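Colleague: Take this structure first; my questions come after.
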Amino acid sequence: MHHPKRKAQTAETERAFINKQKYESKISNFWLVESRLLQFLLSFTFYFKSRTKDGTSNAASYLKGLIVSRRRNYQVMAQELQNSSQQCLHHFITNGKWCYSKLMDRITVDFGCLFATEWT
């Protein structure tokens, strides 16, 4: 039997726990998954390359910024990521020669295959 009061207390406890998490611990713990995340990103490098440029490093910075930054905009990301500039992130987001829809199609197919494999 579900108790509404207990459910509300659980939700409050979860919010309190999340609110107590400090930004610094998020950054310091990111290294635990960073290599796996970058390895994952390598399988998508084709989508970040053009004939003359390779935007994979900017994609990696952007992905890391999405995960560890307090706010999800390129100015804040560049300030909080020490190896990236506002100009590089801005260019990657606005003018980069990569196609968001093709990348998401590939991720969707890969996820679908993984999901089908895991649940069959």
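Colleague: Add +1 for every Lys or Arg and -1 for every Asp or Glu among the other residues with Cβ under 10 Å from the Cβ of Met77, and state the total.
Modeller: Every neighbour counted, the sum reads +3.
Colleague: Moving to a separate point now. Can you compute 3J(HN,Hα) from phi for each residue in the range 74-90, using the Karplus curve 6.51 cos²θ - 1.76 cosθ + 1.60 with θ = phi - 60°, rounded to whole Hz and x for Gly and Pro?
Modeller: Using θ = phi - 60°, the values come out as 5, 5, 5, 4, 4, 5, 8, 9, 7, 9, 9, 10, 4, 4, 5, 5, 4 Hz.
Colleague: For Ser50, project a label point 7 Å along Cα to C-beta. Then give me every residue of the range 76-110 with its amide nitrogen under 19 Å of that point.
Modeller: 85-104
Colleague: Treat the count of other C-beta atoms within 10 Å as a stand-in for reagent exposure and order Leu42, Leu81 from fewest to most.
Modeller: Sorted ascending by nearby Cβ count, the order is Leu42, Leu81.
Laboratory data are not the source of any read-out in this text; all were calculated from the coordinates shown. Being a predicted model, the structure only gives us computed values, none of them experimental. Virtual Cβ from ideal backbone geometry, glycine too; neighbours counted across all protein chains shown.
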